[in-house]
Amino acid sequence: MDNSQDNIDKVSVKDANSGEYRVLARRYRPKTFDNLIGQSATVRILSNAFDLNRIAHAFLFTGVRGVGKTTAARIVAKGLNCLKNNHPTIAPCGVCESCIAAQNDRHVDIIEIDAASHTGVDDMRELTEGVRYKPSVGRFRIYIIDEVHMLSNQAFNALLKTLEEPPDHAKFIFCTTEIRKIPITVLSRCQKYDLRRVSTSEIINHLKMICENEKVTIDSESLNLLSRSSEGSVRDSLSLLDQAISIGKSNIKAEDVKSMLGLSDKSKLWDLFDSLMEGDPIKVINYFETLINDGSDPFLIIEELMLICHNVTRAIAVPSLDMSQSMSEFEANRAINSAKNLNIPSVNKCWQILLKGQTEIQSTYSIKEATEMILLRVTYAANLPDLKDLIEKSNLIKKKYKLTDTLENKTFSVNDNSENDKNSNIDTSYDFSTFEKLLEFVKNNKELSLYTILIDQIRMAEYKPYNLKISFVKKEYNDFLNIIKRTLLKLTKKNWQIEIIKEKNKASSITEKIEIETENKKNKLKDNIIVKSILNEFPESEIIEVKNLEDNEKG
């Protein structure tokens, strides 16, 4: 690691003294795998392959931009032809004639081709003809084809036979960002290595090292902004650092980086997000206008809000998650505070609208107005109830009205001996002659708790006004009994005599009767020829509900 660092420093000093400026992305290009950050898995596999002398004749490096695909290809090529060792090595010396020639892009046996400029079949024919010639200086004749997915189908076909059975002295190294565009016939002839996006922490450490070498002062917030904006690409992060150095000279400040990236104060973005989730349109418009006047890009505002939404979602889903590695302390605290007042469904709605809005903005000319419409859409969606709550409420209302309609349209036979008790003391202001009229009376007085108990929990054995003989559905009935006595006394101003029958009562509660009748309807319907054929065709199906045509017309 120290040797590779020394090599980079020497190149940087040489470029600085030559008077010809080279961008950081070129000056700090890794010379060995020791300095290739974020690709430890790929380096380990290649190292083992070289140590075991199991070197493939074709390599394919794939990944997003700026993660080291071409760099890895050049290091492998140098290692294959390094003359200081008696065999190929994963760590080229960098001092032998072959390594120096490869470093200066003048090695006659390492041919690097840009597939975007050589897409035709004639270019591949010329390449395959050159493969037959043995190397002039190194061990192998190596072909590096960058952006290989740009080759035409005819060019790929012309390369297939040579790629499958090349001469022992030939090696192919392909690089691509679009692996899906490469024919499967080519993929099957190569060893594929996926280079992953480099983590934010690794990019921060890399940028910090470069700033120390360049004698540049930079704060942690600026490093965090640059690394996050690079989206896992080391080359992008170095290009942004190059630009930041031009703005801040030897002292880079977060305000300069925010201005360069089109970002504004993070606290205003978080205030905007909180206003969105509160459903306050006035605050949303005011915060948005402030950000626009400060020079923020509307498209970047949407991206930042999506990032904030993602961080808040993580804080809700995993409260114990340590987010200090991926964001500043201020953002981590704001994410935790915002998560306290939100839930997953609410932030998911916000994410979906922002994600769809991001696509809409790209296809419109009035970006500011389109962004404001998207923010207002999120604002009013925040006040909408969750789908789960709506379904539960709908089912509850449906069940309530279904039970009420059944009671209104149906009479239940109860042992009524009121005619035998004409001399009993009945309050003439109310008609309690039947149990159904008692239920109607309780319902009209909005005593829903008592109404539910009388329907669900009791089996009426004998009914007389102010005198009941009942049994309970549940064994633990003392609470129900107390509610019945207390509420009836409050409603009728009289004590009701309630006798609990211990022996088995053949009667059923009203709810039980409804369920029994419903089940009888279902069983009767199963004998229908059409229904029976459907049930036979779909054995796992069942009859959920039976409705009459009159019920549908009422609904």
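Computed quantities for the displayed model
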quantity	calculated
Computed magnitude of the charge dipole of the chain (debye, nearest 20; Cβ of K, R +1, Cβ of D, E -1)	1200 debye
Dipole of the chain, positive end: most advanced residue of Q358, S471, V67 [Cβ charges, Cα centre]	S471
Largest-first ordering by accessible area, 1.4 Å probe, given options V257, V473	V473, V257
Per residue accessible area in Å² of region 132-243, where ligands, DNA and RNA are left out and the probe is 1.4 Å	49 Å²
N48-I292 pseudo-label distance in nm [points 7 Å out on the Cα-to-Cβ vector]	5.7 nm
T177 accessible area, 1.4 Å probe, all protein chains in place, Å² to nearest 10	50 Å²
Fraction of antiparallel bridges per DSSP, the chain only, in percent to nearest 5	20 percent
Carbon + sulfur, % of accessible area of the chain - ligands and nucleic acids excluded, 1.4 Å	49 percent
Pair E545, E129: separation of 7 Å Cα→Cβ label points (nm)	7.9 nm
Estimated inter-spin distance, N251 and T185, nm [label 7 Å along Cα→Cβ]	6.4 nm
Förster-model FRET efficiency, 56 Å R0, E462 and N343, C-beta, rounded to 0.05	0.60
Extension gain, D431 back to H310 (0.36 nm per residue minus Cα-Cα distance, nm)	37.2 nm
Gain on full stretching of the segment that runs from D105 to K493 - 0.36 nm per residue minus C-alpha separation	129.2 nm
Whole-number percent relative contact order across the chain, with pairs defined as alpha carbons under 8 Å at least 6 apart	9 percent
Residue-by-residue Karplus 3J(HN,Hα) for region 474-490, coefficients 6.51, -1.76, 1.60, Hz, glycine and proline x	9, 5, 8, 10, 4, 5, 4, 4, 5, 5, 4, 5, 5, 6, 5, 5, 5
Sequence of R44, R132, R459 from largest to smallest accessible area, 1.4 Å probe	R132, R44, R459
Which listed pairs, of K69/K266; K443/K532; K78/K181; K475/K526, have C-alpha distances above 32 Å, in listed order	K69/K266; K443/K532; K475/K526
Relative contact order (%) - region 239-385, alpha-carbon pairs under 8 angstrom, separation at least six	30 percent
Residue-averaged [θ]222 nm for the chain, counting only DSSP H segments that reach four residues, each worth -39500 (n - 2.57)	-17500 deg cm²/dmol
Förster radius 60 Å - calculated FRET efficiency between S152 and L535 (Cβ-Cβ, nearest 0.05)	0.55
Cβ charges +1 (Lys, Arg) and -1 (Asp, Glu), total dipole of region 297-372, debye	320 debye
Extension gain from S199 to K268, taking 0.36 nm per residue of separation minus the Cα-Cα distance	22.2 nm
Computed E for D114/N85 - FRET, C-beta separation, R0 30 angstrom, nearest 0.05	0.50
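The values are calculated or read from the model by the stated rules, or taken from the named source; none is laboratory data. The structure displayed is predicted, hence computed values, not measured ones. Here the Cβ is made from the backbone with ideal geometry for all residues, glycine too, and neighbour counts use every protein chain on show. Ligands, DNA and RNA are stripped out before the accessible areas are found, and what is left, the full protein with its side chains, is counted by its heavy atoms. Shrake-Rupley method; radii C 1.70, N 1.55, O 1.52, S 1.80 Å.
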